[in-house]
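Data block below; observations after.
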Amino acid sequence: MEKSEITSRELIWEKFVTCGEIENHIILPPIADSWLRCSKQGVNPDGGKSENILEYRDIADLLERKREIISIAKPFTLNLYRLFKNSGFILVLTDEHGYVMDSFGDSDSMENARNILRFVQGASWREMDVGTNAISVALSTGKPVQVSGAEHYCKKHHQWTCSAAPIYGYNGEIVAVLDLSGPAQAAYSHTLGMVAAAANAITMQFNVQQKNYELALMNKRLTSIFNTMSDGVILFDRSGIVRESNPIAAQLLGKKGKSTNGIPVDVALGGNNEIISKLLHNKEIYADLELPIDTERGVSRCVLSGETIVDGNGVISGGVIILRPVDKVHRLINKFSGHYTTFKFSDIIGQDPKLAEAIRQATMAANTLSNVVLLGESGTGKEMFAQAIHNQSSRRNGPFIALNCGAIPRELVGSELFGYEEGAFTGARRGGRPGNFELASGGTLFLDEIGDMPLEQQVAMLRVLQDRKVARIGGNKVIPVDVRIICATNKDLCKLVRQGTFRQDLYYRLQVFTINIPPLRERREDIELLFRSFVEQLGQEQGTSFRVAAAVWDLIIRYDWPGNVRELRNVVERACNMAENGVITLNCLPPELLPGMAADVSPPVEQAPEQEQAINRNTRKLLMAEKERQEIVLLLMQEGGNISRVASLLGIARSTLYRKMRQYSIAN
């Protein structure tokens, strides 16, 4: 730098600190801006010695936090220093806040910097602490900068020239600053270029190391996920050779504890080379293909998904296959398709001794794996018992599959029970379908209306129960199944056996536990208990409470309930929906419950003559009138003769009630 230029800058500096005026055409804008900030912050222009030095503990924390960048920068700063050795220069590395982390240079220069400027480890070279300097300007602008002589705001720095450049991290933020400081008279423009080049090299090396670290961390995480996945994963190259497989894949392939790496993937899959050929040559994608795999330990049934991996040029570089155990897939299907149980023995309402005995036997059956036959009329709660047995058994965490044998066409019972392979018959689903025996494996299969099962399916079912294996319709491979059977029927199975419509050998295999569930008419003391429970439950669902008229209690206890608990539940739902002002009266009950009206639910006979139809209509009117008379009498007794209250409960005017009382000769 020319001597005249140095003198000129000294005069500009003197004028600024004295008058606050600055000649921007000589002083570069970043430096001029820094002077203005220093003046505004009250920095002493005669100062320049750092008074802000970190405590020993804070320095140790700083060095530990910035250990990586210090280590990376070290070889670059040493190489740069060799070019300036014995020239009075020192090299300094600061953090992103301007605190000195590392420095070295000639002993005389280092001593001079320490004594005059307190240029030591942990010292702050921020603008607010020591005025304008190359480190602070590089931090504020984010660019390499050289500050020489009187360009420094503090006079103690005028004998120095400083060249500094920021070092950037992977996220684009400044992580450190590299500074080279020496005698002001030794300032050269190429010095800044060398510092900037070194800082750029450190930035690149730091970012490479950061990327490598992140890649290593990501690889470790992916490896951890890969090895702990609940599904089997196989990665293979373009030649179809297995390169990686996780422990679950090895287990499903029958190679637990052995590596599958290096062997052809079609060999690993038990010779299913057609799948691999289509993956590698046709780029075919497989999704949830059910696949039996022949392994050294037997047949492993899996659901396979796979696709090829294509590079940026569209060339196949390999592929990935996902294997899931079939039983795991079945459990998920059962979970999300409604095949789950909700009832427990505590949900069965009743105090009748016959019902208590049925619950006792069912509880004993739940503690075994034996087959169970539930006998009872329609609506007695056979499936409720079946669910309770399952939920108290050791198979409670397995699936519960229910099939009504009487609700399925005869020709479809076999496919529902045993499943079918693709193409087994017209309309068969692509890929086939597992049957209920497969879906229930590990759990319970509930066969309702077992007495309606066709004889030909009884034979197949007996074979499955004996061998604990099932073969799908149209298939030739046997599938191991582990199923507990609970059957239910409202028919006399012994009678069906005598008639030849139910196999005797199947009957004896099923009826280990035979539990009779009594009809509701044989447990009349439970009728009111059930009615109250259902009313309370529906009241909670509707956010209201119901009151039951006395006449209703008398009627429901005398009624025979041919539809059992199911019919009672439906009657309660109807009554609650029709109740006015929260009161369930006789008007809320269906006609078949009322005296003399039961015949109305029977199927109609041939068209009666007009005279007979008129008689029926008159009879019906008389019955309805008698029903209304009984209800008015009961309500008057219940409400102590309060006409207004009874009229309100009936939902009619008082005058209408008086008229009906006169009509029916009811005295008040």
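In plain terms, the residue of Trp13, Trp160 with the fewest other Cβ atoms within 10 Å comes first and the most crowded comes last, giving Trp13, Trp160. For the chain, the share of DSSP beta bridges that are antiparallel, to the nearest 5, is 75%. On full extension, the segment bounded by Gln159 and Glu639 gains 161.6 nm, given 0.36 nm per residue less the C-alpha separation. Taking 0.36 nm per residue of separation and subtracting the current Cα-Cα distance, fully stretching the chain between Leu455 and Arg654 would add 65.0 nm.
When shorter helices are ignored and each DSSP H run of at least 4 residues is given -39500 (n - 2.57), the per-residue value for the chain at 222 nm works out to -14000 deg cm²/dmol.
Loop-resident trypsin sites (Lys or Arg not before Pro) (DSSP state other than H, G, I, E or B) in region 414-466 with no more than 15 further Cβ atoms inside 10 Å of their Cβ: Arg429, Arg430. Each label was represented as a point 7 Å from its Cα along the Cα-to-Cβ direction; for Met204 and Leu217 these points are 2.5 nm apart.
Full extension of the chain between Asn44 and Tyr664 yields a length gain of 211.8 nm, computed as 0.36 nm times the residue separation minus the alpha carbon distance. Lys/Arg Cβ at +1, Asp/Glu Cβ at -1, dipole of the chain taken about the Cα centre: which of Leu594, Ser109, Cys19 is farthest positive-ward? Farthest along the dipole direction, towards plus: Leu594. Once the Cβ-Cβ distance between Asp108 and Glu51 is put in as r, and R0 is 25 Å, what FRET efficiency do you end up with, to the nearest 0.05? The value I calculate is 0.55.
Going by neighbour counts of Cβ atoms within 10 Å, the residues Arg509, Arg662 line up, fewest first, as Arg662, Arg509. Shown here for region 24-78: GluC sites (Glu not before Pro) in loop regions (DSSP other than H, G, I, E, B) with at most 12 other Cβ atoms within 10 Å, namely Glu51, Glu55.
Pairs exceeding a 29 Å alpha-carbon distance, out of Lys382/Lys627; Lys220/Lys328; Lys283/Lys469; Lys143/Lys211; Lys40/Lys143; Lys85/Lys156: Lys382/Lys627; Lys283/Lys469. Please work out the C-alpha center-to-center distance from region 513-578 to region 144-175 and express it in whole Å. So the two Cα centres are separated by 91 Å. Could you give the dipole magnitude of the chain about its Cα centre, charging the beta-carbon of Lys and Arg +1 and that of Asp and Glu -1, in debye to the nearest 20? With Lys and Arg at +1 and Asp and Glu at -1, about 1640 debye. Remark: spin-label model distance Ile309-Ala197 equals 4.1 nm, labels positioned 7 Å along the Cα→Cβ axis. Helix 29-41 and the longest principal axis of the C-alpha atoms of the chain enclose an angle of approximately 80°. Which of the following values of percent of Cα pairs over 40 Å apart was calculated from the structure shown: (1) 45; (2) 26; (3) 64? The value matching this structure is (3). Toward the positive end of the charge dipole of the chain, with +1 on the Cβ of Lys and Arg and -1 on the Cβ of Asp and Glu, the farthest Cα among Gly582, Val267, Ile389 is that of Ile389.
Its relative contact order, with pairs defined as Cα atoms under 8 Å and 6+ residues apart, puts the chain at 7 percent. Listed by chain and number, the aspartates and glutamates whose C-alpha is less than 16 Å from the C-alpha of Lys66, apart from same-chain residues fewer than 8 away, are Asp58, Asp95, Glu96, Asp102, Glu173. Computed from Cα positions, the angle between helix 610-638 and the longest principal axis of the chain comes to roughly 70 degrees. In terms of the Cα gyration tensor, with a ≥ b ≥ c the square roots of its eigenvalues, is region 3-211 rounded because a/c is under 1.5, prolate because a/b exceeds b/c, or oblate? Because a/c hits 1.5 or more and a/b exceeds b/c, region 3-211 counts as prolate. Look at the alpha carbon pairs under 8 Å that are at least 6 residues apart: their mean separation over the length of region 338-518 gives a relative contact order of 32 percent.
Going by a ≥ b ≥ c, the root eigenvalues of the Cα gyration tensor, does region 338-518 fall in the rounded group (a/c under 1.5), the prolate group (a/b larger than b/c) or the oblate group? Prolate. With a/c under 1.5 counting as rounded, go ahead and sort region 230-329 into rounded, prolate or oblate using the C-alpha gyration tensor (a ≥ b ≥ c being the square roots of the eigenvalues; past the cut-off, prolate if a/b is larger than b/c, else oblate). Because a/c hits 1.5 or more and a/b exceeds b/c, region 230-329 counts as prolate. Relative to the longest principal axis of the C-alpha atoms of the chain, give the angle of the C-alpha long axis of helix 455-467, reported between 0 and 90° and rounded to the nearest 10°. Between the helix axis and the principal axis of the chain, the angle is about 50 degrees. Magnitude of the charge dipole for region 114-242, about its Cα centre and with charges confined to Cβ atoms of Lys, Arg (+1) and Asp, Glu (-1), is about 280 debye.
Computed from the coordinates by the stated procedures, all read-outs in this text should not be read as laboratory data. The structure presented is a predicted model; accordingly, all values stated were derived computationally and were not measured. For neighbour counting, all protein chains shown are included, and Cβ atoms are generated from backbone atoms with ideal geometry for every residue, glycine included.
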